[in-house]
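Colleague: Please read through the structure below; I'll follow up with questions.
FYI, it's all coordinate maths here, none of it is from the lab. Note that the structure is predicted; figures quoted are calculated from it, not measured. No Cβ is skipped: glycine too gets one built from the backbone with ideal geometry, and neighbour counts run over all protein chains shown.
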Amino acid sequence: MLELFTHILHLDFDWLFAQYNTSIYVILFLIIFIETGLVAMPFLPGDSLLFTAGLFARNGNLNLSTLLILLFIAAVLGDNVNYWIGRTAGLRVFHLKIKGKPIVKQEYLDKTHAFYEKYGSKAIIMARFVPLVRTFAPFAAGIAEMNYAKFFRFDVLGGALWIGLLTMAGYLLGEVELIRKHIDLVCLGIVFLSVVPIILGFLKERKGA
């Protein structure tokens, strides 16, 4: 199991194919599901895994349609599990009291709820493209008791954009030799581009303040 985990972190698809053949679909499904569904597992590869999977689909090792459908389901299912964990267990934890005082003040929970009701749709979609944040966003939305129907609609849209854009980017650029030889740098670039919206938003907020 440790060996499998190591090869997953290093995106060693050649080893995964050699060991698991078509069962690799199950492994990829579980990785995306766990990364988006368990708030304690934000370090699993997401963006880079999708891009690399697209590359291998281009080479004929994976079926593109099957890949897109399975990973989309995994992404949406994971986010929804994370949402309900936050909405049930998360709220219970925050309502616990120490020496008669709550761990988190009710006013903070109210502000979080108001934020997600006002900006939740944008936050849920944008979070998909930001490592770490995409793991915590649905959990926070659950704690904030964001309207579930609203959460689900935009989560489906965000999941489709995330899975589709990054997987297709890998698929369409799969024949570019420069990218094949420098996949690690490409993955770092994806992470950087994912964080850019947050940086711009922060700078805009600072300027406004």
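Colleague: May I ask for the net charge around Ile32, where only other residues with Cβ less than 14 Å from the Cβ of Ile32 are counted and Lys, Arg are +1 while Asp, Glu are -1?
Modeller: -2
Colleague: When you count, for each residue, the other Cβ atoms within 10 Å and take the mean per peptide, how do 148-157, 128-137, 20-29 rank with the highest first?
Modeller: The densest-packed peptide leads the list: 128-137, 148-157, 20-29.
Colleague: Let me ask you something else. On a full-extension model of 0.36 nm per residue, what is the gain between Leu178 and Asp14, subtracting their alpha-carbon distance, rounded to one decimal in nm?
Modeller: 57.1 nm
Colleague: Related question: Can you give the net charge of the other residues whose Cβ lies under 13 Å from the Cβ of Phe129, counting K and R as +1 and D and E as -1?
Modeller: Net of charged neighbours comes to +2.
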